[in-house]
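The values are calculated or read from the model by the stated rules, or taken from the named source; none is laboratory data. In this text, all values refer to a predicted model and were calculated from it rather than measured experimentally. Virtual Cβ from ideal backbone geometry, glycine too; neighbours counted across all protein chains shown.
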Amino acid sequence: MSDTKKFETLAIRTQADRSQHREHSVPIYMTSSFVFDDAEQARALFADEYAGNIYTRFSNPNSTEFIDKMCLLEGAEDGFATASGMSAVFSSMAPFLQSGDHIIVCKSVFGSSLQITTQLFPKWGIEYSFADINQPETWEQLFKPKTKMFMAETPSNPSLDLIDLEKLSQLCKQHGVLLNIDNCFATPYLQQPIAWGADIVTHSATKFIDGQGRAIGGVILGSKALIEKVRFFCRHTGPAMSPFNAWILSKSLETLAVRMDRHTSNALTLAEYLERHPEVESVKYPFLNSHPQVSLAKKQMKAGGGIVTFLVKGGVDRGRRFLNATEMASHTANLGDSRTIVTHPASTTHSKLTDEDRESVGILPGLIRVSVGLEHIDDIIHEIALALEKSK
Ligand SMILES: Cc1ncc(COP(=O)(O)O)c(C=O)c1O
């Protein structure tokens, strides 16, 4: 399919080749391996003389379709689909690192990405430095001769701070360091890091890409040369996405644009409502005029995304009471679902951090994160208003 087509069309019309059965919707290729026509074909495929399926750990028509779409949507040359967002994060880093290397990781990246950085890589002799998302002027001094990669997320979770992708990629290029962006919160519909100079884009497809809380998955995207290394690593370590999940996630991409439009319009309306609410101390949303980086958000994002955070008056106890007072909203460890999800990071996902560490990544005691769903906005506002009232 021509890549001059628009996002929505590419997400719908990029499809695996039709089989002899002339199906309209792509079948699920639930097979571990593929049959060779003859010994010569087997030899040539193993010798990489041409591309073709051999074994689902290496490739499969469903994962190839999902990857092809993601490449077109993110503006990448190539990609590899993995069983989860975390296997994508790990496989987007490990192939480029060896003992003695150094990486810079934004301190506000997802918790398991921090665990890889601080608990696993050091065992293999890979050192790290943390970058503070709110102090970009200090990043230059973190680069060392052995620095190989800068890993970051924008917008960050849950503090919704932004990184200037253009400036950071210039800095990385000056130092010959790969820039790896986890684009899970924005999705390619709202932000395309490669267009701003990122080398690798990583996703947890479990979130907005699936969009309905059904399937775990991840993907790594970049240039042909970089993905060649990722493919070698994944082929031999085995984090491949299952054909069934690839089928679900590729189908989900068909509706990504319309879903993100509604997620973002619901989120902006909720954020504006919360800004006026007397029980709310402050609200954060990238496209609110009160967001300190609103002009950067409007420069590099098409819209503000589906996540809103706010500080409810009354600290940790009020935060917990707020959650208990919700009726419709789901209280679950996920985001990016068609159903609105509320979480209280200080007493759950980030409860093991010290107060100081929590504060350094923007998690104050009364912080509530709302993954704004696709229900009618009047019902979402009613739900949040009711929980604010009942939790007083
Ligand atoms: C930004 C980000 N990256 C990576 C992950 C990990 O993804 P998965 O749960 O699909 O392994 C998550 C999960 O919440 C996430 O929010």
Worksheet item: Which condition number in (1) closer than 26 Å to Phe185 by Cβ; (2) at pLDDT 95 or above; (3) surrounded by 19 or more Cβ atoms within 10 Å (Cβ to Cβ) is the one that Ser108 fails?
Response: (2)
Item to complete: Say whether the condition of being within 14 Å of Ser84 (Cα to Cα), hydrophobic (A, V, I, L, M, F, W, C), part of a loop (DSSP other than H, G, I, E, B) and in contact (Cβ under 8 Å) with a residue 60 or more places away in the chain is met by at least one residue in the stretch 231-239.
Response: no
Practice prompt. Kindly indicate which of Val294, Val230, Val312 is hydrophobic (A, V, I, L, M, F, W, C), surrounded by 16 or more Cβ atoms within 10 Å (Cβ to Cβ) and assigned by TED's automatic domain parsing to the domain that holds Thr56.
Written response: Val230
Worksheet item: Can you spot a residue in the stretch 199-208 that is in a loop (DSSP other than H, G, I, E, B) and either over 12 Å from the mean Cα position of the chain (by Cα) or surrounded by fewer than 19 Cβ atoms within 10 Å (Cβ to Cβ) (or both)?
Response: yes
Worksheet item: How do the pairs read when you match residues in the stretch 366-381 that are under 9 Å from Val308 (Cβ atoms) with residues anywhere that are charged (D, E, K, R), using Cβ under 8 Å and keeping only pairs 6 or more apart or on different chains?
Response: Ser371/Asp337
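Let's see how each residue does on (1) in contact (Cβ under 8 Å) with a residue 24 or more places away in the chain; (2) under 18 Å from the mean Cα position of the chain (by Cα); (3) surrounded by 15 or more Cβ atoms within 10 Å (Cβ to Cβ); (4) part of a helix (DSSP H, G or I):
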{"position": "Gln141", "(1), (2), (3), (4)": "no, no, no, yes"}
{"position": "Pro145", "(1), (2), (3), (4)": "no, no, no, no"}
{"position": "Lys148", "(1), (2), (3), (4)": "yes, no, yes, no"}
{"position": "Ser156", "(1), (2), (3), (4)": "yes, yes, yes, no"}
{"position": "Ser159", "(1), (2), (3), (4)": "yes, yes, yes, no"}
{"position": "Leu162", "(1), (2), (3), (4)": "yes, yes, yes, no"}
{"position": "Gln170", "(1), (2), (3), (4)": "yes, no, no, yes"}
Discussion item. Considering only residues that are in contact (Cβ under 8 Å) with a residue 24 or more places away in the chain, assigned to a helix (DSSP H, G or I) and away from the ligand (no atom under 11 Å from the Cβ), which ones fall in the stretch 99-119?
Written reply: Thr117
Worksheet entry | Pairs, first farther than 18 Å from Met151 by Cβ in the stretch 190-217, second among the aliphatic types (A, V, I, L, M) and within 8 Å of the ligand (Cβ to nearest atom), C-beta under 7 Å, six or more apart | Thr206/Ile216; Gly217/Ala205
Worksheet entry | Residue among Ile248, Ile194, Ile227, Ile181 that alone is in contact with a strand residue (DSSP E or B) (Cβ under 8 Å, 6 or more places away or on another chain) and within 14 Å of the ligand (Cβ to nearest atom) | Ile181
Fill in: Answer from Ala16, Ala47 - the residue that is at pLDDT 95 or above and farther than 25 Å from Gln192 by Cα
Ala47
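Are any of the residues in the stretch 77-97 more than 16 Å from the ligand (Cβ to nearest atom), touching a residue at least 24 places away in the same chain (Cβ under 8 Å) and under 27 Å from Lys6 (Cβ atoms)?
yes
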Worksheet item: With Ala215, Ala152 as the choices, which residue is within 16 Å of the ligand (Cβ to nearest atom) and within 13 Å of the chain's Cα centre (by Cα)?
Response: Ala152
Worksheet item: With (1) touching a residue at least 60 places away in the same chain (Cβ under 8 Å); (2) on the phi < 0 side of the Ramachandran plot; (3) in a loop (DSSP other than H, G, I, E, B) as the list, and Asn324 as the residue in question, which single condition is left unmet?
Response: (3)
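For residues that are under 21 Å from the mean Cα position of the chain (by Cα) and surrounded by 17 or more Cβ atoms within 10 Å (Cβ to Cβ), tally how many sit in the stretch 315-337.
3
Can you go through Gly75, Gly100, Gly79 and tell me which one is of a type in the set (Gly, Ala, Ser) and at negative phi?
Gly79
Looking at Gly319, Gly305, Gly314 in this structure, which one is out of contact with any Cys (no Cβ under 6 Å at 6 or more places or on another chain) and at negative phi?
The match here is Gly319.
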